[in-house]
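Worksheet: the structure to be examined is printed underneath.
The values are calculated or read from the model by the stated rules, or taken from the named source; none is laboratory data. Small disclaimer: the values here were computed from a predicted structure and weren't measured. FYI the Cβ positions are ideal-geometry reconstructions off the backbone, even for glycines, and counts take in every protein chain you see.
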Amino acid sequence: MASVETVTGPIDADELGTTLIHEHLIYRDEAVVFHWPHLSPNAPDLENVTPPDYMTPALDCARAVMERGVKTLCEPTGMFGGRDVEFSREVSEKSGLQVVPCTGIYTYEYLPTFFVARDADAMADLFVHDIEEGIRGTGIKAAFIKCAADEPGVTENIEKVHRATARASVRTGAPIMAHSRPANETAIRQIEIFQEEGVDLSRVQIAHTGDTDDLDYIERVLDKGVLVGMDRYGLELFLPTERRNPTVTALLERGYADRMFLSQDYCATLDWYPPEVLEQLDASGASKGWSMTLVFDEVIPALREAGMTDAQLETMMVSNPRRWLAG
Ligand SMILES: [Zn+2]
């Protein structure tokens, strides 16, 4: 029986159960909290300042999804997102939610000179370290590798990250989650690189494919044999729910239940914007209803109404995560 690494140790793949494939328990730039540690939940009390409360929102999310039957959450926060597996472990221990951690670099272009001056294999070695030896001395092992391509496309730096991701996947068998941007069809080149490196494409997930309702593009991606994330429900600025749902329904009708994930890419906390900008975004409808439970509260009922069967739902929420993670 295949096992899957979580922040509290390996579990049997059959114990994964209903899984949210793409949600963040914490999201903030690690360099900012390194230099201004009063912002960090794990900081020593250097300045006698109470850091923001990251734990309560994360626990609220964990408990809310568990109330809706979720057993496992994949936490795709890598480098530059402030990956914090000890924080995730605390959330997991306090809530009972199983959390699956990753390794990888989340960048659209920038890389530290450390990586610019080294080759893809040197980067792959670090990903393999997290998968085989564990993350930052915690003993917690990464279960998948995260990479990203966005508006700048697959530049030289982004290609290096993808080749490193691919080589680490080939060396360890770990699956890949690749953030993509359908607006400039990044997935096509991302998949091409994985293919060139000999990755098993059935273990590749193209995240954020659901940001478009261009079925022709989505089928060109699916034709390669990958899985796709319909995983940003609530992020109306990329595509509103009323256009996401018919896309999923059409793909179900075309027989792609075994290739899709439903998720929200929600962040229990997010440091990108000051509170007043977040409020404006919310008020403008850019992230209307965005939460870690939107899929259960609104999306699944609407998809059922449109004809989704229980078996198709089970495939997307249980079987696909298990197959992607465990092979
Ligand atoms: Zn994300």
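Looking at the range 282-294 only, could you name the residues that are touching a residue at least 24 places away in the same chain (Cβ under 8 Å) and out of contact with any Asp or Glu (no Cβ under 9 Å at 6 or more places or on another chain)? It would help to see each step written out before you state the result.
The initial filter retains those residues of the range 282-294 that are touching a residue at least 24 places away in the same chain (Cβ under 8 Å), namely 285-294.
Within the range 282-294, just LEU294 meets the criteria.
Given the structure, is LEU126 in a loop (DSSP other than H, G, I, E, B) and either in contact with a His (Cβ under 7 Å, 6 or more places away or on another chain) or more than 12 Å from VAL7 (Cβ to Cβ) (or both)?
Values: in a loop (DSSP other than H, G, I, E, B): no; either in contact with a His (Cβ under 7 Å, 6 or more places away or on another chain) or more than 12 Å from VAL7 (Cβ to Cβ) (or both): yes.
For LEU126, the condition - in a loop (DSSP other than H, G, I, E, B) and either in contact with a His (Cβ under 7 Å, 6 or more places away or on another chain) or more than 12 Å from VAL7 (Cβ to Cβ) (or both) - is not met.
Counting only residues that are assigned to a loop (DSSP other than H, G, I, E, B) and either within 16 Å of the ligand (Cβ to nearest atom) or free of Cβ contacts under 8 Å to residues at least 60 places away in the same chain (or both), which one in the range 11-34 is nearest to LEU325 (Cα to Cα)?
Going residue by residue through the range 11-34, those that are assigned to a loop (DSSP other than H, G, I, E, B) are 16-18, 21-23, 25-29.
Narrowing the set further to residues that are either within 16 Å of the ligand (Cβ to nearest atom) or free of Cβ contacts under 8 Å to residues at least 60 places away in the same chain (or both) leaves 21-23, 25-29.
Values: ILE21: 10, HIS22: 13, GLU23: 16, LEU25: 19, ILE26: 22, TYR27: 23, ARG28: 26, ASP29: 27 Å.
Applying the filter and picking the extreme gives ILE21.
Yes or no: LYS141 modelled with pLDDT of 95 or more, more than 16 Å from the ligand (Cβ to nearest atom), more than 19 Å from the chain's Cα centre (by Cα) and crowded, with 17+ Cβ neighbours inside 10 Å? Walk me through how you get there before you give the answer.
Numbers: modelled with pLDDT of 95 or more: yes; more than 16 Å from the ligand (Cβ to nearest atom): yes; more than 19 Å from the chain's Cα centre (by Cα): no; crowded, with 17+ Cβ neighbours inside 10 Å: yes.
Spelling it out, it is not the case that LYS141 is modelled with pLDDT of 95 or more, more than 16 Å from the ligand (Cβ to nearest atom), more than 19 Å from the chain's Cα centre (by Cα) and crowded, with 17+ Cβ neighbours inside 10 Å.
Just the residues that are within 16 Å of the ligand (Cβ to nearest atom) and aromatic (Phe, Trp, Tyr), please, taken from the range 179-234.
The answer is TYR233, and nothing else.
Inspect all residues belonging to the range 118-126 and state whether any of them is within 16 Å of the ligand (Cβ to nearest atom) and either of a type outside the set (Lys, Arg) or under 21 Å from the mean Cα position of the chain (by Cα) (or both). Full working, then the answer.
Taking the range 118-126 and keeping what is within 16 Å of the ligand (Cβ to nearest atom), we get none.
Checked against the condition, which is being within 16 Å of the ligand (Cβ to nearest atom) and either of a type outside the set (Lys, Arg) or under 21 Å from the mean Cα position of the chain (by Cα) (or both), the range 118-126 yields no hits at all.
Taking the range 54-96 on its own, how many of its residues are in contact with a Gly (Cβ under 7 Å, 6 or more places away or on another chain) and assigned to a helix (DSSP H, G or I)?
So the count comes out to 1.
If you check GLU93 against the conditions, is it under 20 Å from the mean Cα position of the chain (by Cα), surrounded by fewer than 24 Cβ atoms within 10 Å (Cβ to Cβ), of a type outside the set (Lys, Arg) and away from the ligand (no atom under 16 Å from the Cβ)?
Working: under 20 Å from the mean Cα position of the chain (by Cα): no; surrounded by fewer than 24 Cβ atoms within 10 Å (Cβ to Cβ): yes; of a type outside the set (Lys, Arg): yes; away from the ligand (no atom under 16 Å from the Cβ): yes.
It is false that GLU93 is under 20 Å from the mean Cα position of the chain (by Cα), surrounded by fewer than 24 Cβ atoms within 10 Å (Cβ to Cβ), of a type outside the set (Lys, Arg) and away from the ligand (no atom under 16 Å from the Cβ).
List every residue pair whose Cβ atoms lie under 6 Å apart, where the two residues are 6 or more positions apart in sequence or sit on different chains, the first residue falls within the range 132-148 and is more than 19 Å from SER3 (Cα to Cα), and the second residue, located anywhere, is small (Gly, Ala, Ser).
Matching pairs, first to second residue: LYS146/GLY78; LYS146/GLY104; CYS147/GLY104; CYS147/ALA178.
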